[in-house]
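The values are calculated or read from the model by the stated rules, or taken from the named source; none is laboratory data. From a predicted model like this one, the values you see are computed outputs, not experimental measurements. Note that each Cβ is placed from the backbone with ideal geometry, even for glycine, and that neighbours are counted across all protein chains shown. Accessible surface areas use protein heavy atoms only, side chains included; no ligands, DNA or RNA. Shrake-Rupley method; radii C 1.70, N 1.55, O 1.52, S 1.80 Å.
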Amino acid sequence: MEQKILNYYKDHEAEIFEDLKNFTLVEASTSDLDELLEVRKHLEKLIVDRTGIEPYVYETAGRHDVVKFAYGEGEEKVVVVGHYDTVHPIGALPYMIDGNKLKGPGVYDMKSGLVSAIWAIKAYQDLGIDPGKKIICVFNGDEETGSKDSTEIIMDNVKDAKAALVPEPCTASGDLKTGRKGNMKFKVTIHGKAAHAGFMFEREHASAVLEMGHYIVTLMGLASREEDTTVNVGVAGGGTARNVVADYAKLSVEMRFKKLSEYDRLKKKVHELVNGEPFVPGVKTVIAKEREMAPLVKTEKTLAYMKRMMTVAENLEIPFEEKDRGGLSDANHLAMASDAVVVDGMGPHGAMDHSDKEYGCVSSVEPCVRLHVGLLEELAVKKALLQPSVEADTIY
């Protein structure tokens with residue numbers, strides 16, 4: 001079977017790259033709603049043209065629609081989750097091939113992953129492979145801003161799935177991701193009392209900027225190198241003029257963590273900070289949570305699953321390792337609200353994502369599609385792999 005898959009993609013490699021090029025040239029960031037609709041329509045057409053399957057579209061209130069299509073039959077299911085929005089403003093990043101570098105808006109994060117998933121289904125059809133279970137592909141249009149419109153839809157489709165595969169880019173060295181940090185994002189608003197700076201010892205005042213300084217030092221001091229917990233006050237500002245004691249200041253904060261115990265620690269510390277006595281008498285502080293996401297924690301079930309995936313990949317001559325990542329994806333949502341084994345980084349590799357230097361590696365695209373087919377086909381015929389237990393280790 002491995003040689004059959006290898007030959008298939010060598011025969012169709014030019015078509016795969018043409019699909020990726022055309023898909024990439026239809027540009028839209030998450031906030032470009034009219035253009036994002038065109039990307040969605042292009043994606044629908046690509047699915048129909050390559051698989052003959054008419055996708056279902058969930059239209060959302062925020063216009064970040066979700067595209068879904070399925071292949072195969074059976075009670076068990078594996079779900080492939082990806083996104084078609086990008087972070088790049090339209091026209092900011094031209095499409096081009098420079099040696100082994102494939103450049104373009106979202107070509108790496110993560111249109112190449114979506115094309116890989118679509119071509120995996122096409123390969124099943126052309127090669128006559130029966131997956132033995134239902135494979136559901138769910139692609140959303142707002143992952144880059146936290147999947148607010150689409151998380152509920154995604155989770156409804158992942159319900160009762162045995163595994164969820166996320167074709168986000170793998171690492172620069174081709175490794176898949178079995179762990180991601182969670183995060184908390186919030187804003188701190190500080191209200192003080194204004195006064196003339198030259199008479200501040202004679203009048204009642206409370207500097208919001210001074211309180212802000214204490215908050216910056218305290219919050220960033222909650223970081224832990226040992227636990228790989230990071231805290232960043234990314235935006236800070238306040239006051240109106242240098243000769244006026246500031247009556248207003250604000251901070252934007254992000255915390256990232258690998259462990260739920262670190263999430264609990266950070267949340268407790270922030271609560272104590274905001275609800276305790278202020279550093280500067282007379283100020284009042286308000287905190288507004290913007291986003292909270294649990295970490296994708298590496299479990300024994302995931303590691304057992306990954307071990308078998310590595311064996312399949314070696315047989316397909318696509319060896320990889322598994323690593324943790326500091327960034328977030330929809331894999332975090334899946335891990336938080338699903339019992340499915342979650343494996344991220346199933347897409348082609350590259351580097352510099354979310355920058356104007358973003359690129360994918362040309363040489364990794366065809367192997368990525370081949371890996372999708374090989375893994376899903378293997379999972380279909382070895383159902384025991386999806387039953388994590390002590391006995392499962394004997395399979396390997």
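Scanning segment 194-214 for residues that are touching a residue at least 60 places away in the same chain (Cβ under 8 Å) and part of a helix (DSSP H, G or I) yields A208, L210, E211, H214.
Checking L6, L25, L20 one by one, the residue that is open to solvent by less than 20 Å² (accessible area, probe 1.4 Å) and in contact (Cβ under 8 Å) with a residue 40 or more places away in the chain is L20 and no other.
Scoring F69 on the criteria (1) over 15 Å from S112 (Cβ atoms); (2) modelled with pLDDT under 95 leaves a single failure, condition (2).
Count of segment 248-275 residues, restricted to those that are over 26 Å from E227 (Cα atoms) and in a loop (DSSP other than H, G, I, E, B), is 0. Within segment 72-126, being part of a helix (DSSP H, G or I), among the acidic types (D, E) and more than 22 Å from S147 (Cα to Cα) holds for one residue alone: D126. When the residues of segment 130-164 are narrowed to those that are among the acidic types (D, E) and modelled with pLDDT under 90, which ends up nearest to F23 (Cα to Cα)? Among those that are among the acidic types (D, E) and modelled with pLDDT under 90, it is D130. Residues in segment 299-344 that are within 25 Å of T151 (Cβ to Cβ), modelled with pLDDT of 70 or more and exposed (fewer than 15 other Cβ atoms within 10 Å of the Cβ): 1 in all. Might you let me know whether segment 64-78 holds any residue that is free of Cβ contacts under 8 Å to residues at least 12 places away in the same chain and touching a Gly at 6+ places or on another chain (Cβ under 8 Å)? Checked against the condition, which is being free of Cβ contacts under 8 Å to residues at least 12 places away in the same chain and touching a Gly at 6+ places or on another chain (Cβ under 8 Å), segment 64-78 yields no hits at all.
With the requirement that a residue be open to solvent by 30 Å² or more (accessible area, probe 1.4 Å) and under 22 Å from A161 (Cβ atoms), what does segment 65-95 give you? If the condition is that a residue be open to solvent by 30 Å² or more (accessible area, probe 1.4 Å) and under 22 Å from A161 (Cβ atoms), then K68, A70, Y71, E73, G74, E75, E76, K77 are the ones that fit. Taken as a whole, the condition of being closer than 25 Å to T60 by Cα, in contact with a strand residue (DSSP E or B) (Cβ under 8 Å, 6 or more places away or on another chain) and surrounded by 22 or more Cβ atoms within 10 Å (Cβ to Cβ) applies to G106. Of the set (1) assigned to a helix (DSSP H, G or I); (2) open to solvent by 40 Å² or more (accessible area, probe 1.4 Å); (3) of a type in the set (S, T, Y), all apply to T230 but (1).
Among the residues of segment 41-67, just one is in contact with a strand residue (DSSP E or B) (Cβ under 9 Å, 6 or more places away or on another chain), among the charged types (D, E, K, R) and within 10 Å of G141 (Cβ to Cβ), namely D65. When V381, V369, V362, V373 are checked against the criterion of being modelled with pLDDT of 80 or more and of a type in the set (A, V, I, L, M), a single residue qualifies: V362. Against the conditions (1) buried (at least 16 other Cβ atoms within 10 Å of the Cβ); (2) assigned to a helix (DSSP H, G or I); (3) not aliphatic (A, V, I, L, M), T218 satisfies every one except (1).
Can we say D149 is among the acidic types (D, E), open to solvent by 10 Å² or more (accessible area, probe 1.4 Å) and over 30 Å from V245 (Cα atoms)? Here the answer is yes, as D149 does meet what is asked. Of the listed requirements (1) modelled with pLDDT of 95 or more; (2) more than 25 Å from F257 (Cβ to Cβ); (3) among the aromatic types (F, W, Y), F199 misses just one: (1).
The set of residues from segment 254-298 being open to solvent by less than 60 Å² (accessible area, probe 1.4 Å) and in contact with a Lys or Arg (Cβ under 7 Å, 6 or more places away or on another chain) comprises E254, R256, F257, G282, A288, R291, P295, L296.
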